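Participant: The following block contains the structure, expressed as structure tokens.
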């Protein structure tokens, strides 16, 4: 009897980037502990699953309409996905995209862009449908630290990150980031979808 396939849970990840000396682009990443059930002992971007409360979060500013539309396909998930990405980043790194008022995070979603989506293989016992968002770190607040869930938190160049312990999905997103920054555009011009078909990774791309 074939085992029942696990339905992927909605998740969100946020790529924070900054320009360093000589226009070098640096990305914030951290390493997951060996004890994690999902993606142990590899470098990742901050992120995690979408919680029910993310649908109810009060935001100071909304997503750009074009980004909200793409994030809502399929389903009306745009706000919750974006809020989850900002919340997880705050929890895991201590950095704030928005403000903290009376102890509550109030996200500012206006500077977020949407670069990629990835779904884990159907045979995996833990599955996520993850949207990868990105934003310039120039307007963030807070001190880098977080909950301790991610170790080795720091700013890494894209080429440097590609040579660190990463899984195929993270490598895929890093390659998409490299393409974006080489394009010289302010907003993402190519959206990519990473999935698996019959055990093999497949990437679909579309011009935004």
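The values are calculated or read from the model by the stated rules, or taken from the named source; none is laboratory data. From a predicted model like this one, the values you see are computed outputs, not experimental measurements. Here the Cβ is made from the backbone with ideal geometry for all residues, glycine too, and neighbour counts use every protein chain on show.
Participant: Looking only at the stretch 191-204, how many residues end up being surrounded by 12 or more Cβ atoms within 10 Å (Cβ to Cβ) and either farther than 24 Å from residue 69 by Cα or at pLDDT 90 or above (or both)? Give the steps one after another, and end with the answer.
Facilitator: Filtering the stretch 191-204 for residues surrounded by 12 or more Cβ atoms within 10 Å (Cβ to Cβ) gives 191-196, 201, 203.
Going one step further and asking which of them are either farther than 24 Å from residue 69 by Cα or at pLDDT 90 or above (or both), we end up with 192-196, 201, 203.
Residues in the stretch 191-204 being surrounded by 12 or more Cβ atoms within 10 Å (Cβ to Cβ) and either farther than 24 Å from residue 69 by Cα or at pLDDT 90 or above (or both): 7 in total.
Participant: Let me ask you something else. Sort through 89, 58, 120 and tell me the only one that's over 13 Å from the mean Cα position of the chain (by Cα) and within 17 Å of residue 173 (Cβ to Cβ). Reasoning before the result, please.
Facilitator: On the way: 89 fails: over 13 Å from the mean Cα position of the chain (by Cα); 58 fails: within 17 Å of residue 173 (Cβ to Cβ).
Going through 89, 58, 120 in turn, just one is over 13 Å from the mean Cα position of the chain (by Cα) and within 17 Å of residue 173 (Cβ to Cβ): 120.
Participant: Consider the stretch 34-54. How many of its residues are in a loop (DSSP other than H, G, I, E, B), at positive phi and either in contact with a helix residue (DSSP H, G or I) (Cβ under 9 Å, 6 or more places away or on another chain) or modelled with pLDDT of 95 or more (or both)? Even if it seems obvious, please write down each step before you answer.
Facilitator: Applying the first criterion (in a loop (DSSP other than H, G, I, E, B)) to the stretch 34-54 yields 34-42, 45-46, 50-51.
Still in the list and also at positive phi: 39, 41.
Subset that is either in contact with a helix residue (DSSP H, G or I) (Cβ under 9 Å, 6 or more places away or on another chain) or modelled with pLDDT of 95 or more (or both): 39.
Here the count works out to 1.
Participant: Then there's this: Where residues in the stretch 162-176 are crowded, with 21+ Cβ neighbours inside 10 Å and in contact with a helix residue (DSSP H, G or I) (Cβ under 9 Å, 6 or more places away or on another chain), which of them is nearest to residue 128 (Cα to Cα)?
Facilitator: If we take residues in the stretch 162-176 being crowded, with 21+ Cβ neighbours inside 10 Å and in contact with a helix residue (DSSP H, G or I) (Cβ under 9 Å, 6 or more places away or on another chain), then 170 is nearest to residue 128 (Cα to Cα).
Participant: Quick check on my filter: what residues within the stretch 177-190 are in a helix (DSSP H, G or I) and surrounded by 13 or more Cβ atoms within 10 Å (Cβ to Cβ)?
Facilitator: From the stretch 177-190, those in a helix (DSSP H, G or I) are 177-183; that's our starting set.
Once the filter is applied, which keeps residues that are in a helix (DSSP H, G or I) and surrounded by 13 or more Cβ atoms within 10 Å (Cβ to Cβ), the stretch 177-190 yields 177, 178, 179, 180, 181.
Participant: Do we have any residue at all in the stretch 15-33 that's in a loop (DSSP other than H, G, I, E, B) and either more than 22 Å from residue 152 (Cβ to Cβ) or modelled with pLDDT of 95 or more (or both)? Talk me through it step by step, then tell me what you get.
Facilitator: Applying the first criterion (in a loop (DSSP other than H, G, I, E, B)) to the stretch 15-33 yields 20, 24, 33.
From what's left, either more than 22 Å from residue 152 (Cβ to Cβ) or modelled with pLDDT of 95 or more (or both): none.
Scanning the stretch 15-33, I find no residue that is in a loop (DSSP other than H, G, I, E, B) and either more than 22 Å from residue 152 (Cβ to Cβ) or modelled with pLDDT of 95 or more (or both), so the answer is no.
Participant: Let me ask something additional. Being at negative phi and assigned to a loop (DSSP other than H, G, I, E, B) is the requirement here; does residue 144 meet it? Give the derivation first.
Facilitator: On the way: at negative phi: yes; assigned to a loop (DSSP other than H, G, I, E, B): yes.
Against the criterion (at negative phi and assigned to a loop (DSSP other than H, G, I, E, B)), residue 144 qualifies.
Participant: Now for a different question. Of the residues 90, 132, 128, which is in contact with a strand residue (DSSP E or B) (Cβ under 7 Å, 6 or more places away or on another chain), under 25 Å from residue 40 (Cβ atoms), surrounded by 20 or more Cβ atoms within 10 Å (Cβ to Cβ) and free of Cβ contacts under 8 Å to residues at least 60 places away in the same chain? Talk me through it step by step, then tell me what you get.
Facilitator: Values: 132 fails: free of Cβ contacts under 8 Å to residues at least 60 places away in the same chain; 128 fails: free of Cβ contacts under 8 Å to residues at least 60 places away in the same chain.
90 is the lone residue from the list that is in contact with a strand residue (DSSP E or B) (Cβ under 7 Å, 6 or more places away or on another chain), under 25 Å from residue 40 (Cβ atoms), surrounded by 20 or more Cβ atoms within 10 Å (Cβ to Cβ) and free of Cβ contacts under 8 Å to residues at least 60 places away in the same chain.
Participant: Only one of these is surrounded by 13 or more Cβ atoms within 10 Å (Cβ to Cβ), free of Cβ contacts under 8 Å to residues at least 24 places away in the same chain and in a helix (DSSP H, G or I): 82, 68. Name it. Before the answer, list the steps.
Facilitator: Values: 82 fails: free of Cβ contacts under 8 Å to residues at least 24 places away in the same chain.
Exactly one residue qualifies, and that residue is 68.
Participant: What's the number of the only condition in (1) in contact with a helix residue (DSSP H, G or I) (Cβ under 7 Å, 6 or more places away or on another chain); (2) part of a strand (DSSP E or B); (3) closer than 26 Å to residue 121 by Cα that residue 204 fails to meet?
Facilitator: (1)
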